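Right, one structure below, let's go through it.
The values are calculated or read from the model by the stated rules, or taken from the named source; none is laboratory data. Since the model is a prediction, treat every value here as computed from it, not as a measurement. Glycine also receives a Cβ, built like all others from the backbone with ideal geometry; neighbour counts cover every protein chain displayed.
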Amino acid sequence: CVLVLDFGSQYTQLIARRIREMGVYSLSLPGDASRDRIQGSNPAVIILSGGPESVETPGSPSLFDGFFDYTRANGVTVLGICYGMQLIVKLLGGSVKRATEQEYGRTEMAPCASSVLYGDCENVAKPQVVWMSHGDECVRLPDGFSVVARSEQGTIVAIENADARIYGLQYHPEVTHSERGMETFRRFILEIAGAKADWNMEDVMEEQIREVRRVVGTEQHAICALSGGVDSAVAATLIHKALGDRLHCVFVDNGLLRYQERERVMATFERDMHLPVTCIDASEQFLSKLKGVTDPEKKRKIIGGEFIAVFETFALTMEKTLGKRPRFLVQGTLYPDVIESCPPPGSGKKHSHTIKSHHNVGGLPKDMKFKLIEPLKWLFKDEVRALGALLQVPRSFLKRHPFPGPGLAVRVLGDVTAGDALQILREVDEIFINCIKEAGLYDEIWQAFAVFLPIKSVGVQGDQRTHSHVVALRAITSHDGMTADWYQFTPQFLASVSAKVCNGVRGVNRVVYDITSKPPATVEWE
Ligand code: XMP
């Protein structure tokens, strides 16, 4: 595979995706991963990502000691991008210094020598626009390296040591703003490094089926919780192919579902997916545990814990009918949920995404009795959709907007059980989503929903003063939920949703629209 070592760049995931788009399997690990961890994924190519730090700052992230001895001994080809290139230069004895002129954004550069990286210079020497984002520059190269491209200002932007199989780019070939970046990147991955473009969804499917059969064996049973979303639907269909009727699906009504969600989802399972699903109404159990809880992380932990309690009770019931207890729990965890990135030095964080403990990853109790099966944990959302299409999961599931595991609990700010918050939120959300569907915008929006705010505002409705609830609407575009842009509806559309909500939902007199991208906000409000 191609391993991307992450030094905190905002583009690390993009690099991994670009490589997968070439049909080559790619993974990422934190930049300072140990030799054992790196060796464990047996990479043929290692890419060192960019990052916000300076390699000259004491304590800035670095590679394990002896990294280049390891790559040389194993014939691994290395490409450093931006910070990655500076790290190569520094660790192999060259020098890097603060650039006198920092370069951000578009820059022109041209290859200045016939090289392995760009081929025959005659053919490629034309200037090309590349995307730069750096404050440091390489000023002296280690022995054996040569400069193969410079920017207009004369900065070294590409280096190589073909004998040692080590290359470096100061710019970002993976972003579309780099005019011929993908061409250079493809050439590096497929021709220079010789990675095989043999990764496809059929293989992923077959491999996962084999793996699940190996792990579960021929006797054991598994439980799969369906949420009504695409990830769990694809995971369940895949595992059903592997285990047949040794897979038992449950749909849990936790009292935090959207408008008529339970009825709609159960009908789709029966009608289109032909999977036997047991529906468990645990709404009172969840809501009583959540009563009075306002801290978002506490809510997530409680919900994660309750889900496991429900599955364990279900497993005991199954034991009575089957004569054995299902030992495995299937989860639709995706790669962005498990990916680790390199934290900035001094942040005190070890590699983890502590922004929110997504309950299907971070919020599970430590002492749970199930072994997890996560067949999608190496895939991005769009890859899961492609796998779902291959498995003939109904389009209605594949096209659905994502819905968080803790459900409306992270969309009612504060105490979920307060007053009629949940009911109001369901009605507003239904109106908003229907308007989006009627306007034909559902498929171009990645996720849209309403949020219930724990405040009241003064209004005037039917000539009377009101003191009622405020709701927020959120709609975003995104590739994988890691970064997002707010969706730009027309003012007319927003006005019509606002009127429908205030006229149609009792207790709401004000609607606001969230115009924040991620970062700095997150997608959900809690
Ligand atoms: P955030 O709010 O982290 O959301 O920017 C990114 C994506 O993840 C979903 N999300 C969750 N999914 N459990 C989940 O299974 C959670 O606790 C959770 N929190 C957020 C969110 O809906 C968005 O699609």
Could you figure out which of (1) at pLDDT below 95; (2) closer than 30 Å to His248 by Cα; (3) part of a loop (DSSP other than H, G, I, E, B) isn't true of Gly154?
-> (2)
Residues of the range 139-172 being among the small types (Gly, Ala, Ser), surrounded by 22 or more Cβ atoms within 10 Å (Cβ to Cβ) and more than 10 Å from Val89 (Cα to Cα), in sequence order, are Ala149, Ala158
State whether the residues of the range 207-228 include one that is of a type in the set (Ser, Thr, Tyr), surrounded by 16 or more Cβ atoms within 10 Å (Cβ to Cβ) and in contact with a His (Cβ under 7 Å, 6 or more places away or on another chain).
-> no
Test: Thr516 is hydroxyl-bearing (Ser, Thr, Tyr), part of a loop (DSSP other than H, G, I, E, B) and either over 30 Å from the mean Cα position of the chain (by Cα) or closer than 24 Å to Gly407 by Cα (or both) = yes
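Matching residues to (1) in the same structural domain as Val458 (by TED's automatic domain parsing); (2) under 18 Å from Glu430 (Cβ atoms); (3) more than 16 Å from the ligand (Cβ to nearest atom):
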residue	(1), (2), (3)
Asp485	yes, no, no
Phe489	yes, yes, yes
Ala495	yes, no, yes
Val508	yes, yes, yes
Lys518	no, no, no
Filter result for the condition that a residue is touching an Asp or Glu at 6+ places or on another chain (Cβ under 9 Å) and crowded, with 16+ Cβ neighbours inside 10 Å, over Lys518, Lys500 | Lys518
Working only within the range 278-306, note down all residues that are modelled with pLDDT under 95 and within 18 Å of Ala235 (Cβ to Cβ).
-> Gly304
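A quick yes/no check of all residues on (1) modelled with pLDDT under 60; (2) touching a Pro at 6+ places or on another chain (Cβ under 7 Å); (3) of a type in the set (D, E, K, R); (4) more than 16 Å from the ligand (Cβ to nearest atom):
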| residue | (1), (2), (3), (4) |
| --- | --- |
| Leu334 | no, no, no, no |
| Val338 | no, no, no, no |
| Pro343 | yes, no, no, yes |
| His353 | yes, no, no, no |
| Gly362 | yes, no, no, no |
| Lys366 | no, no, yes, yes |
| Phe370 | no, no, no, yes |
| Leu387 | no, no, no, yes |
Mind listing whichever residues of the range 424-435 are touching a residue at least 12 places away in the same chain (Cβ under 8 Å) and away from the ligand (no atom under 16 Å from the Cβ)?
-> Ile424, Arg426, Glu427, Val428, Glu430, Ile431, Cys435
Can you tell me which residues in the range 164-184 are closer than 26 Å to Ala73 by Cβ and of a type outside the set (Val, Ile, Thr)?
-> Ala164, Arg165, Tyr167, Gly168, Leu169
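Residues checked against (1) under 20 Å from Leu408 (Cα atoms); (2) basic (Lys, Arg); (3) in a loop (DSSP other than H, G, I, E, B):
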| position | (1), (2), (3) |
| --- | --- |
| Ile455 | yes, no, no |
| Val460 | no, no, no |
| Arg465 | no, yes, no |
| Val470 | yes, no, no |
| Leu473 | yes, no, no |
| Ile476 | yes, no, no |
| Gln488 | no, no, yes |
| Phe493 | no, no, no |
| Ser496 | no, no, no |
Log entry, pairs with first residue in the range 395-423 being in contact (Cβ under 8 Å) with a residue 24 or more places away in the chain and closer than 24 Å to Asp443 by Cβ, second being part of a helix (DSSP H, G or I) and near the ligand (Cβ under 9 Å from one of its atoms), beta carbons closer than 6 Å, six or more apart or on different chains, reads Pro404/Val410
Considering residues of the range 408-435 that are touching a strand residue (DSSP E or B) at 6+ places or on another chain (Cβ under 6 Å) and in a loop (DSSP other than H, G, I, E, B) only, the residue surrounded by the most Cβ atoms within 10 Å (Cβ to Cβ) = Arg411
Strands (runs of 3 or more DSSP E) wholly inside the range 202-298 containing at least 1 residues that are closer than 20 Å to Glu383 by Cα and either over 27 Å from the mean Cα position of the chain (by Cα) or touching a residue at least 12 places away in the same chain (Cβ under 8 Å) (or both) | 222-226
Return only the number of the condition from (1) away from the ligand (no atom under 15 Å from the Cβ); (2) within 30 Å of Ile15 (Cα to Cα); (3) not β-branched (Val, Ile, Thr) that Gln461 does not satisfy.
-> (2)
Picked from the range 5-60 (must be under 21 Å from Gly94 (Cβ atoms) and charged (D, E, K, R)), the residue farthest from the chain's Cα centre (by Cα) is Glu56
Taking Lys377, is it at pLDDT below 90 and either in the same structural domain as Pro336 (by TED's automatic domain parsing) or among the aliphatic types (A, V, I, L, M) (or both)?
-> yes
Check the range 461-478 and report whether any residue there is buried (at least 18 other Cβ atoms within 10 Å of the Cβ), among the charged types (D, E, K, R) and touching a helix residue (DSSP H, G or I) at 6+ places or on another chain (Cβ under 7 Å).
-> no
